[in-house]
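Trainee: Structure incoming, see below.
Bear in mind these aren't lab numbers, they're just calculated from the coordinates by the rules spelled out. These numbers were taken from a predicted model, which means no experiment stands behind them. Counting neighbours? That spans all protein chains shown, and the Cβs are built from the backbone with ideal geometry, glycine included.
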Amino acid sequence: MKCLSTGFLLILSLASSLVSASNYTLTIENGGTVDETLQVGSIVNLALDSPDINKAIWGNIQIDYDPTMLAARYVDETFNFYGFWAYWWEVPGDSTKCGGGVPYYYTTGGGSDRADAYAAAYGEGIVGPSAYIDNVNGAVRFYHGNYLYTEFYQPLRLGFEVLQTGTTTVTIRSETETVSDWCDFDAVVPTNFTFGAAQ
């Protein structure tokens, strides 16, 4: 199971007061923010990335979306590559930390080809959870810790089902902390996406 070592946690704890919020971006996986070919029922992969390359980044992430427009289906880390890692733990589901949702575990056919690879290697439904998905309130919550090496990693893949075509806002809320909670955030980055033609 992926987790930070005790030593790295100590370093992060000492450095947390000196570090400002990390930067994050969200795009359609093949680039851009518009795909007018999508229809109701289509799955669109979004890539969560960061321009903060070649340094440690970590913290609480919440992706907010309109649950009448989109339903989150998976949160898939890369399998055969150094990646943008999410912690595999239950804390993002803790309501006392403003968490919640349904844990997402890797299963064959339950996500993208990345999920299939994890399930084949480690077993069905036992790897994870990489995140908690709350399709009632429109939120995906997880904690991450990464060192993104130039040209040697892949962004996190978030799969959404299009429930209604048109333009909608997906917002990244983040906080660079070693304390895991989703009650407040240091940075809020909204991005407008167009998924299919407007109805």
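Trainee: Report, in degrees rounded to the nearest 10, the 0 to 90 angle that the Cα long axis of helix 113-122 makes with the longest principal axis of the chain.
Mentor: 50 degrees
Trainee: Take the Cα of V188, step 7 Å along the line toward its Cβ, and report every residue of the range 134-155 whose backbone nitrogen sits under 16 Å from that point.
Mentor: 138-140
Trainee: What are the residues whose amide H is under 5 Å from the amide H of A56, where those residues sit 5 or more places off or on another chain and H is modelled from the backbone?
Mentor: none
Trainee: If each DSSP helix of 4+ residues adds -39,500 (n - 2.57) and the sum is divided by the residues in the chain, what number results at 222 nm, nearest 500 deg cm²/dmol?
Mentor: Numbers: 2 runs with 20 residues, N = 199.
For the chain, the value works out to -3000 deg cm²/dmol.
Trainee: Next question, about the same structure. Computed from these coordinates, which is Kirkwood radius over Cα pairs in Å: [x] 18.1; [y] 23.7; [z] 17.1?
Mentor: For Kirkwood radius over Cα pairs in Å, the calculated option is [z].
Trainee: How much net charge surrounds R114 when only other residues with a Cβ under 12 Å from its Cβ are counted (Lys, Arg +1; Asp, Glu -1)? Mind dumping the intermediate values first?
Mentor: Working: positive: R157; negative: E29, D76, E77, D113, D116.
Once all neighbours under 12 Å are counted, the net charge is -4.
Trainee: Largest first and in whole Å, give the semi-axes of the range 122-199's equivalent ellipsoid, each being the square root of 5 times a Cα gyration tensor eigenvalue. If you can, show how the numbers build up before the last one.
Mentor: Numbers: eigenvalues 121, 66, 52 Å².
Those come to 25, 18, 16 Å.
Trainee: Right, another one. When Lys and Arg each count +1 and Asp and Glu each count -1, what net charge do the other residues less than 14 Å away from N60, Cβ to Cβ, add up to?
Mentor: Local charge sum for N60: -4.
Trainee: Which whole-Hz couplings ³J(HN,Hα) result when phi for each residue of the range 135-143 is put into the Karplus expression 6.51 cos²θ - 1.76 cosθ + 1.60, θ = phi - 60°, listed in order with x for Gly and Pro?
Mentor: So the J values, rounded to whole Hz, are 7, 6, 9, x, 8, 10, 10, 6, 10.
Trainee: Taking R0 as 35 Å, what's the FRET efficiency between T108 and A197 from their Cβ-Cβ distance, rounded to 0.05?
Mentor: It comes out at approximately 0.60.
Trainee: I'd like to compare 119-127, 61-69, 138-146: which one has the highest average count of other Cβ atoms within 10 Å, and what's the full order after that?
Mentor: Put in order of decreasing packing, that is 138-146, 61-69, 119-127.
Trainee: Could you work out how far apart the two model spin labels at T37 and A121 are, taking each label as a point 7 Å from the Cα in the direction of the beta carbon, and quote it in nm?
Mentor: With each label placed 7 Å out from Cα toward Cβ, I get 2.9 nm.
Trainee: Per residue of the range 42-53, in order, report the coupling 6.51 cos²θ - 1.76 cosθ + 1.60 (Karplus, θ = phi - 60°) as ³J(HN,Hα) in whole Hz, putting x for Gly and Pro.
Mentor: 5, 9, 10, 8, 9, 10, 8, 9, 8, x, 7, 8
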